[in-house]
Each structure stands twice: as C-alpha cells, then as structure tokens.
Amino acid sequence: MGSRGLDLLALPEDCIENFVSLSGPRDTCRLSVISSRFRSAAESDAVWQKYLPPDYRSIIARSTDSSMLKRFSSLKDLYFSLCDNPILIDGAKLSFSLDKSTGKKCYMLSARNLVIVWGDTPWYWKWTSEPECRFGEVAELIQVCWLEIRGKISASLLSPATFYSAYLVFTSATGTYGFDYRPLEVSMGPAGAESPTPSVYLDAGKGRRQRYQTGRRRIGLGSRMFMSVMQMQAPMPVVESDPRERKDGWFEIELGEFFNKEGEEGEIEMSVLEIKGGNWKGGIIVQGIEIRPKDKRGGELSG
C-alpha cells in the first residue's frame, strides 16, 4: 500500500468515520473491506446516523410498529431494514422506506389514501385484499368509462434537493380491457399548478398501434360503431416508458417527475386520467402510487 494509504490508515478513528460518512452508503460498504479500521468505521452508528433522515425517529413513531427501534443493534441494520422492508405509517394508509443507494425518502400512498372517482360505488370499483400487497386493501376496477385517480403528498415529507418520480402500482385481476383505445393522461407537480400531462398506455405496444386507427368502443351501457382518427393533428406526448414488472411482482408505470427544492412547501399532486374516450375499461387492481427518487445508480447494496 502506498504512503498515502498508510497515512490515511494512521488517522484517528473519528477522522476515518468522518471520511467514510462523506462517501455515501454504497461506498461505505465498499470501503469496509480496506482494513479492520475502515470496517469498524463503516459499522459505526456515527456513520449511519448521517445516512438516515434527520426525522427518522418521528417517522417510525408514526408506524404501526413504533417499537421497531428496539429490535436493531445498530443503525446500519436499521438503515437496511428500512430499505428492504417498507413500514406502514399514518394508520397504515402510507408506507415509508429508504432508497438504498442514497438514503432518500420513499413513500407509497395506499389506494385508500387516493381520490378514486366512483371508488365507493360497488358496481364500478371493489375493495378487496391481495397477497404480496403492503396494505390491507386494494382497489379493483370492475368497469368505468370515467377513470380518475389522484393522490397528494406534502413536499415537506420528501427529501430536499431531490428529483422524484411517481409511479402507479397495479396488477391485473382477470385481464385488463378497454385501455388500448386511448392512453392514460398522467401528471406529477405542485397541487394547483398546471403540470404537463403526457400519456401512457397500460398496453403500450397495442395502444400505439391503434393510435391513429379506427376502433370499436362501447359507449354508455350499449355499444355503437364509429370512425375516429385519434390525435391525427395534435397527438399527445407519450411517455417512453412501458409498464414494467417490479421485484414484488406488481407492475408500475411512471406518472411524471418533480424536483423537490430545499424548503419546498405545499403539496405535490399525482393524477391518472382517462375521461375523454367514453369507452368502458376494467380489470386492473390498484395498490397505490409510489413516490421515490428518480436518479438511481445501478447495482445493489448489501449489508
């Protein structure tokens, strides 16, 4: 090892801890293999305290398991638990976790924490439970011709100076239908402000093929044929992101992005709309809307 390396190892322990803490969670794990002194620093609570959000104790106090702090022998173990095992807070209507690479805050609004138009009308939506879901209830779409889902979160809950994206988290019950005629209009931005509304297809390939084609649609309780050239003159922008499968077996589709500035106030609103086509659609199960940091480096951290 060169002289610089020897000088670094000769530093006092608190200096090594400070050096390690400036590297971030990912590099802290990598630095732990350099020597026993670096390994000791990389395991210390002083380092991992800096990676946890300043208000992590008050967040955990809002959990359905507020005594979880007592189960962890180190803040490093707590950090990785919050990364891998989201906790339910605020009456189990919101989940909280950490982005493993950065320690930034992540949230998911449960379906019950969303505004779903006609959500309490049994012949349009059904509330049920679903295996592998974070929450006790999910919203199953039976059929609607007016799809409107909205969610809000306080900007103060999010990590400052961070780019966030929002994702609709869903799956299919017995197969979706009616979503290939028109795309969904989605958005994310400050509540009350005018936000861009790009569009996405739940069945992106099929939807794009039909974008400028004629189609059959069911209107009202009956059905009729009509000819329509969709968006021939002014097509809506389409988000270049197909629905993708998550590690938990659900699917997600991106709704938009937002930069949460230092000292940002007010609420951030997300929306999913299909209110112009008039065709009936159904078959999806909504778990919620997840808000998490957009800029993520590749690879996995291990504790």
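The values are calculated or read from the model by the stated rules, or taken from the named source; none is laboratory data. Since the model is a prediction, treat every value here as computed from it, not as a measurement. FYI the Cβ positions are ideal-geometry reconstructions off the backbone, even for glycines, and counts take in every protein chain you see. Note: areas computed on protein heavy atoms with side chains; ligands, DNA, RNA excluded. Shrake-Rupley method; radii C 1.70, N 1.55, O 1.52, S 1.80 Å.
Values for this structure:
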{"read-out": "Evaluation of residue 56 against (1) out of contact with any strand residue (DSSP E or B) (no Cβ under 6 Å at 6 or more places or on another chain); (2) free of Cβ contacts under 8 Å to residues at least 40 places away in the same chain; (3) open to solvent by 10 Å² or more (accessible area, probe 1.4 Å) (one fails), failing number", "value": "(3)"}
{"read-out": "The range 103-149, residues that are buried (at least 18 other Cβ atoms within 10 Å of the Cβ) and of a type in the set (Val, Ile, Thr)", "value": "116, 138, 144, 149"}
{"read-out": "Residues within the range 160-175 that are open to solvent by 10 Å² or more (accessible area, probe 1.4 Å), within 18 Å of the chain's Cα centre (by Cα) and either over 19 Å from residue 254 (Cα atoms) or among the aliphatic types (A, V, I, L, M) (or both), tallied", "value": "2"}
{"read-out": "Where a residue in the range 99-127 is acidic (Asp, Glu) and its partner, wherever it lies, is modelled with pLDDT of 95 or more, with Cβ under 7 Å and at least six apart", "value": "99/106; 99/292; 99/293"}
{"read-out": "Pairs, first over 18 Å from residue 176 (Cα atoms) and part of a strand (DSSP E or B) in the range 267-279, second open to solvent by 50 Å² or more (accessible area, probe 1.4 Å) and of a type outside the set (Gly, Ala, Ser), C-beta under 6 Å, six or more apart", "value": "267/152; 269/152; 271/150"}
{"read-out": "Of the criteria (1) open to solvent by less than 90 Å² (accessible area, probe 1.4 Å); (2) at pLDDT below 85, which one residue 248 fails", "value": "(2)"}
{"read-out": "Yes/no for residue 23 being modelled with pLDDT of 85 or more and farther than 27 Å from residue 93 by Cα", "value": "no"}
{"read-out": "Elements of type strands (runs of 3 or more DSSP E) in the range 123-230, at least 2 residues being at pLDDT 90 or above and closer than 30 Å to residue 259 by Cα", "value": "138-141, 147-154, 162-177, 184-190"}
